[in-house]
Each structure stands twice: as structure tokens, then as C-alpha cells.
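Report on the structure given below.
The values are calculated or read from the model by the stated rules, or taken from the named source; none is laboratory data. Small disclaimer: the values here were computed from a predicted structure and weren't measured. Cβ sites come from the backbone with ideal geometry, for glycine too, and all protein chains shown count toward neighbours. Ligands, DNA and RNA are stripped out before the accessible areas are found, and what is left, the full protein with its side chains, is counted by its heavy atoms. Shrake-Rupley method; radii C 1.70, N 1.55, O 1.52, S 1.80 Å.
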Amino acid sequence: MQAKILIVEDVKEMADLVRLYLQKEGMDATVCESGETGLEEFARERYDLVVLDINLPGIDGFEILQRIRKSSAVPVMIVSARDADEDMILGLGIGADEFVTKPFSPKVLVARVRAMLRRASDLKASPNSVKFGDFVLDIDGYLLKRAGDKVALSSKEFEVLAYLATHAGKAMTPDTIYAEVWRNQYGDITAVAVYIQRLRKKIEPDPSAPVYIETVHGMGYRFNAEAIHA
């Protein structure tokens, strides 16, 4: 099945270029030129990944991302001419999975899209769901629910949680988690600790005394297998 990509970009030449390269790789790409139409299209269709500009007429990319994260953990790649550290930190902090600055190589962008789609596909090969406490981690649906209500997670937060939960009882080093989730041999593995902290704030009754994502001293992290129930 073709991967469905939503491109929200107001510069027509840029949007058409990205769409052309994605289509050459066998992907189905749809372009929206404003934030409003992008949100309408996202609500209308099920997309596998969103390529999102920040500077848009009307609703900007940050607002779009926040609205998407209220209901979906779909992978989101920000593509922007704004390269300030503050913009990158904000984008990643509110749920973006990648931040690519313009100008960029279309081939590199497509490679990153493929890597993000591959990570999402690997998760779907895991068990359909994992239940723990009041939570249900829906692997196929790419979402986390608590007592029936959706818990807002970024795609990366979801992937870290899914990786640990589907390997419950096994202690994982930060290097292993980084390699499996980020699929990057080189990088800042301190990102793992940051995402663990974010997850604990969202799922633990007391983040300072976690019962689901445990710290294994001298090793890394382990999802508590005893917390999982049928």
C-alpha cells in the first residue's frame, strides 16, 4: 500500500518539488497551501506522515502541530527556513519528529521520510496493543488511551514507549533505545533521557517514583512487565 503524505507548504514551487520527489519514490503526496486547509485535509483523510512548514498564511505550523498532537501521534517533519535554535527546540518540544531547514536536498528529505515511515511500520509488526494500569497502547492506531481518552503523545514519545512496552521486562541501555527508535548510529543519546522524562510526566502516577518505566541503575530503562495485563 502506498504511504500517504500530507505536505502543508505555501510556497508552490517548494511544495511541488517535494511532492514530485515523494511520488517518484512511490508515495501518494497531497499538498495544502494554508494551515486551515491542511487541518481540514488531515481530519478528512488518514495520513502516514505530515511534512509541515512553519511560516504559513493564517494558522502557523506550530499551531497546526499542536492541534494534530491532540488527536494523533502521526510522524511530523517540520521543513522551514527558520533555523534559530529556539524554533527547533519549540518544534521538537511540542511534538515534531524531525526538523529540516531550507534549503535542503530533496533526496535527503525523501530518505528521512522513508526512515520515519519504516519506524512506524516496524511498530505495527509488534503486538496490536499493550495494556497497563488504566492505559491501552494501541500499536496499530498509533495512540495511547487512558480510560478511553486519548493521551497526547508525539510520534517519538509513542515510539519510545512502544519499544519499551513491547520489550517489557528487558533492561535497555540508552544506546540501544536510541539505535532502535532514532535509527541513527551517531547522535545525542541524552535525547533518550529527555523523552523518558516526558513520558513519565504523562503516564506515571508519581514521575519521581515511576512504576511503569523503571530505571535500571548502571544499565538504562525497563518497562515493568508486572504492570502489563491481558
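To the nearest ten degrees, helix 190-203 and the longest principal axis of the Cα atoms of the chain are 70 degrees apart. Ligands, DNA and RNA excluded, the heavy atoms of residue 68 present near 0 Å² of accessible surface to a 1.4 Å solvent probe. Note on residue 88 and residue 36: the model spin-label points, each 7 Å out from Cα along the C-beta direction, lie 3.4 nm apart. Using the Cα gyration tensor of segment 53-126, with a ≥ b ≥ c the square roots of its eigenvalues, what is the shape: rounded (a/c below 1.5), prolate (a/b larger than b/c) or oblate (neither)? Oblate, because a/c is 1.5 or more while a/b does not exceed b/c. Here the convex hull built on the C-alpha positions of the chain has a volume of 126 cubic angstrom per residue. The gain in end-to-end length when the residue 20 to residue 43 segment is fully stretched comes to 5.9 nm, 0.36 nm per residue minus the alpha carbon separation. Taking 0.36 nm per residue of separation and subtracting the current Cα-Cα distance, fully stretching the chain between residue 217 and residue 108 would add 35.4 nm. Where only DSSP H runs of four or more residues are counted, the chain gives -12500 deg cm²/dmol as its mean residue ellipticity at 222 nm, each run worth -39500 (n - 2.57).
Full extension of the chain between residue 81 and residue 150 yields a length gain of 21.6 nm, computed as 0.36 nm times the residue separation minus the alpha carbon distance. Candidate cross-link partners of residue 4 among the aspartates and glutamates, defined by an alpha-carbon separation under 14 Å and a same-chain spacing of 8 or more, comprise 25, 28, 41, 45, 48. What FRET efficiency comes out for the pair residue 204/residue 170, r = Cβ-Cβ distance, R0 = 25 Å, nearest 0.05? FRET efficiency, residue 204 to residue 170: 0.80. Derived from the Cα gyration tensor, the three semi-axes of the equivalent ellipsoid of segment 1-105 are 19, 16, 13 Å, largest first. A DSSP coil position with no more than 15 other Cβ atoms inside 10 Å describes the following chymotrypsin sites (Phe, Trp or Tyr not before Pro) in segment 154-230: 186. Principal-axis analysis of the Cα atoms of the chain puts helix 155-165 at an angle of about 30° to the longest axis. Stokes-Einstein, applied to the Kirkwood radius of segment 100-230 over Cα pairs at a viscosity of 1.002 mPa s and 20 °C, places its translational diffusion at 138 µm² s⁻¹. Note on residue 150: lysines with a C-alpha under 19 Å away, same-chain residues under 8 apart excluded, are 70, 124, 131, 201, 202.
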